[in-house]
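Values in this text are rule-based calculations from the coordinates and carry no lab data. Note that the structure is predicted; figures quoted are calculated from it, not measured. Positions of Cβ are generated from backbone atoms using ideal geometry, with glycine treated the same way; all protein chains shown enter the neighbour counts.
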Amino acid sequence: MITLYAFATPNNLKVLLGLEEMGLSYALKPVNIRQGEQKTDAFKALNANGKVPVLVDSDGPDGELVLTESAAILVYLAEKTHQLLPATGVSRIRVFEQLFFHASGISPAFGNAGYFQKLAPEPVPAAIERFHGEAIRLAGLLDDLLSRQAYVAGDAITIADLVHFGWFWRSSFVGVNLADMPHLNRWYETLLARPTFQTAIAKLDGLVPKA
């Protein structure tokens, strides 16, 4: 049995996309980070870092497995199901190349660009210019890559696409206009049209309490 502790953020969407794409059964447990539920002792017993997502697999390779970090969770699920991650060769390396590119570039740039534009207690123009500019630059690199291939790691969808999609799902929060990047926009719209993606997004949105 798989249980996913999550809330409505890009990093959590990545794992939900994987679960849906791989056809896995799972229970979804909301952790309302707006109310600080990730800081409770009960949750920190699962993840001492106090962050979602957290995946608990009662049927792990050595018994129950508790796993944090969205990319690590997706690699685990891909290897468990033999889906969305090539087993060998250059195509596998390209997936990891994109996972590391996301972790070192896309995720911090997008996260900080959104924070300093929308959530910071006071404007910090230098930070906005730095991170927003970097978000646009990195998105441009993906746009160029996608002018030559269908998906970010090649000609087939992989977990690397799920990882990137999470933040482009919130591109308006970051201030990145996909309409300015036709190849990236084509990729995004293609993925968004997949029924599994629509199901994952609906489930994630359902974790936010309605006022």
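Overview of values
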read-out	value
MRE, 222 nm, helices only [DSSP H, n ≥ 4, -39500 (n - 2.57), over the chain, to nearest 500]	-15000 deg cm²/dmol
Assigned charges on the beta-carbon of Lys, Arg, Asp, Glu; the chain dipole about Cα centre (debye)	360 debye
Computed E for Val124/Leu65 - FRET, C-beta separation, R0 35 angstrom, nearest 0.05	0.30
Estimated distance in nm for a label pair at Lys210 and Thr88, the labels positioned 7 Å out from Cα along Cα-to-Cβ	5.2 nm
Dimensionless Rg over Rh [the chain; C-alpha; Kirkwood]	0.96
Approximate spin-label separation Thr81-Ser172, in nm, with each point projected 7 Å along Cα-to-Cβ	2.9 nm
Förster radius 35 Å - calculated FRET efficiency between Ser25 and Ser104, Cβ distance, rounded to 0.05	0.60
Flagged links, alpha-carbon separation over 19 Å, of Lys29/Lys210; Lys44/Lys118; Lys29/Lys51	Lys44/Lys118
